[in-house]
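Throughout, read-outs are computed from the coordinates displayed, never taken from laboratory work. Remember, predicted model here, so these are calculated numbers, not experimental data. Here the Cβ positions follow ideal geometry from the backbone for every residue, glycine too, while neighbour counts run over all protein chains shown.
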Amino acid sequence: MKNSWSQLLFILLGFLQGFLEWLPVSSSAQVMILSSLLGFKLIESFEIAFSLHLASALAAISYLYFIKNPKNTFLREDSRGILDNPWVKLTASVLISFIVAYPLDLLIREVFEGISLDAVMGIIGVLLLITGLLMSKKGIKLKENPSFRDLLIAGVCQGFSVLPGISRSGITFSILLLLGIDKTSALLWSYYIGIPAVLAAGLYNILKIESYISLELILASSLTAFISGFASIGFMLKVAKRVEYSQLTMSLGLLYIISSIILFIV
């Protein structure tokens, strides 16, 4: 742990992670870039960003349980067949995302040991552009409840969100929209399948950062991430029908690409 780092910095990182996690922009990318610019190695920044996912997941669980009861959505599901059962669909989607994400996570840890910050920013920028382009597409017909196949596809896409720059909520939300799911239902299901993945990522990485970050700083940033995450998920659900997030995501991607070129030249 470097002496220049302070509790205030980690509070800022926690706020960014918590607030951006449930918006369709990559929270891990923003936290990772800021951490790198302030002195951490890329692999350490990667672990810090994903360790804060634990607090984000707990915030989402709290919001959906106490404010917007998910049982109302599940009860509207058609459970006549095993593949129509909402818990079966949810479980399958989460499992396939873990299968996709695990080898990618191992690859990222190898790559980040020998890659420069400008290259990472360029890669992140391209991935944000791809996410934004996906989100700009419109589904032809709308249905309220995603099928087993729909959530399986969303789970595969969620696995790729371990790559910094690909927004987990952004890519699953946009894929469900492309599959013809109603916007509100797509957003809620994006959160439902995301919570176990975000929870696992947080637990996995928080064990790694304990070796170089104090417990006090971990708790401070996690508490901030929980509070801002709770506010973020409520904010996103309220404005989802009025805000065009694909344009924001693509603009952020262009900004990263330009920044990576400037860093490379300098």
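Annotations
- A full extension of the chain between Ser214 and Ser62 corresponds to an added length of 52.1 nm, given 0.36 nm per residue minus the alpha carbon distance.
- Efficiency of FRET between Tyr102 and Val126 - r from beta-carbon atoms, R0 25 angstrom, step 0.05: 0.60
- Among Leu151, Leu52, Leu199, Leu16, the ranking by other beta carbons within 10 Å of each residue's beta carbon, starting with the fewest, stands as Leu199, Leu16, Leu151, Leu52.
- Each residue, Arg149 and Ile261, gets one label point 7 Å from its Cα in the Cβ direction; the gap between the two is 4.2 nm.
- Take every pair of alpha-carbon atoms less than 8 Å apart whose residues are at least six positions apart; their mean separation over the length of the range 144-197 yields a relative contact order of 39 percent.
- Members of Lys89/Lys143; Lys89/Lys183; Lys183/Lys208 lying beyond 26 Å, as alpha-carbon distances in this model show: Lys183/Lys208
- Separation between Cα centres of the range 168-217 and the range 81-104, rounded to whole Å: 14
- Distant-in-sequence amide H partners of Lys143 (H built 1.01 Å from N, under 5 Å): Ile181, Asp182
- Under Karplus coefficients 6.51, -1.76 and 1.60, residue-wise ³J(HN,Hα) of the range 196-207 in Hz, glycine/proline x: x, 5, 5, 4, 5, 4, x, 5, 5, 8, 5, 6
- Exposure proxy ranking for Phe226, Phe98, based on other Cβ atoms within 10 angstrom of each Cβ and starting from the fewest, stands as Phe98, Phe226.
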